[in-house]
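J.: Would you mind keeping the following structure in view while I ask a few things?
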Amino acid sequence: MSYKDQIDLQKLPRHIAVIMDGNGRWAKGKGKLRIFGHHNGVLSVRDVVEGAGDLGIEYLTLYTFSAENWNRPTFEVNAIMELLISTINKEIAKLMKNNVRLNAIGDLNQLPAKCHKELSNAIEKTSVNTGLVLTLALSYSSRQEIMQAAINLAAKVQNGELQPGDIDEKMFEDNLYTAGMPNPELLIRTSGEYRISNYLLWQIAYAELYFTSKLWPDFRREDLYEAILDYQKRERRFGMISEQVN
Ligand code: FPP
């Protein structure tokens with residue numbers, strides 16, 4: 001039986017977050033330039049997005065470019081930005097066909113104007129779709145996101161709109177980039193690294209973490225399904241004891 005057939009559709013995670021890692025090593029292993037890995041990483045993105053949509057996952061959030069990634073060699077940064085522009089452009093028709101709504105989180109103003117424009121167009125165009133919400137984390141830093149939420153709330157306190165004691169978790173969450181989205185129940189990281197790398201630090205407080213040694217360009221929908229099956233075998237206790245949650 002395939003992994004997909006074994007998945008309990010009544011117990012799907014609503015939101016899956018992914019740290020797509022290992023493009024560079026994948027390319028190096030083949031004696032190619034790192035950008036070859038990013039190009040092949042797009043094929044994995046396509047397959048995983050389709051696989052998630054097919055299954056009925058509601059939210060998929062992909063760590064596409066971190067705020068720290070700006071420090072990579074200019075050649076690589078430019079190549080990733082070009083790849084983003086061309087991919088978004090090429091994939092719009094497919095996103096529409098598959099009823100996928102595109103979304104983005106991060107400091108999007110840092111993106112090159114052309115990339116920002118292409119992204120905004122695609123977000124606008126796909127906003128009518130009602131299926132999977134595909135969020136790209138771009139120029140994203142979780143610490144910056146949390147700090148910005150604190151700054152927004154502090155400003156409201158300063159101008160008298162809020163009392164410090166009015167601030168609760170819900171209000172804090174409403175000031176994050178992910179406002180309105182459920183927190184991920186499952187976080188997947190590829191490439192055998194066991195790190196969170198400044199990704200969704202607030203949102204993954206209770207997420208199940210899944211690490212695989214597969215490099216991102218080798219990761220396909222069957223691997224996603226395997227991760228979901230693993231998630232479904234876990235007991236999520238949220239600080240309680242086993243008898244309370246069963
Ligand atoms: C991590 O591998 C990958 C990235 C920083 C870029 C991710 C970009 C893509 C998959 C392509 C564009 C995506 C979309 C959604 C259009 P790495 O370069 O850190 O690999 P390494 O750890 O082996 O060096």
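J.: With +1 assigned to the C-beta of every Lys and Arg and -1 to the C-beta of every Asp and Glu, and no other charges, what is the dipole magnitude of the chain about the Cα centre in debye, to the nearest 20?
T.: 880 debye
J.: As a footprinting exposure proxy, order 39, 15 by other Cβ within 10 Å, with the fewest listed first.
T.: 39, 15
J.: Quick one: which residues, 5 or more positions from residue 105 or on another chain, have an amide H under 5 Å from its amide H? H modelled 1.01 Å from N in the peptide plane, none for Pro or chain starts.
T.: Under 5 Å from the amide H of residue 105: 136, 137, 138.
J.: State the Cα centre-to-centre distance between region 1-44 and region 59-119 in whole Å.
T.: For region 1-44 versus region 59-119, the Cα centre distance is 17 Å.
J.: Based on a Kirkwood Rh over C-alpha pairs, give the Stokes-Einstein translational diffusion coefficient of region 134-246 at 25 °C and viscosity 0.890 mPa s in µm²/s.
T.: It diffuses with D of about 148 µm²/s by this estimate.
J.: Moving on. Considering the convex hull of the alpha carbon atoms of the chain, report its projected area averaged over all viewing directions, in nm², one decimal.
T.: 15.6 nm²
Rule-based calculations on the coordinates, nothing more; no lab input. Remember, it's a predicted structure, so these values are computed and weren't measured experimentally. Quick reminder, even Gly has a Cβ in these numbers, built from the backbone with ideal geometry, and neighbours come from all protein chains shown.
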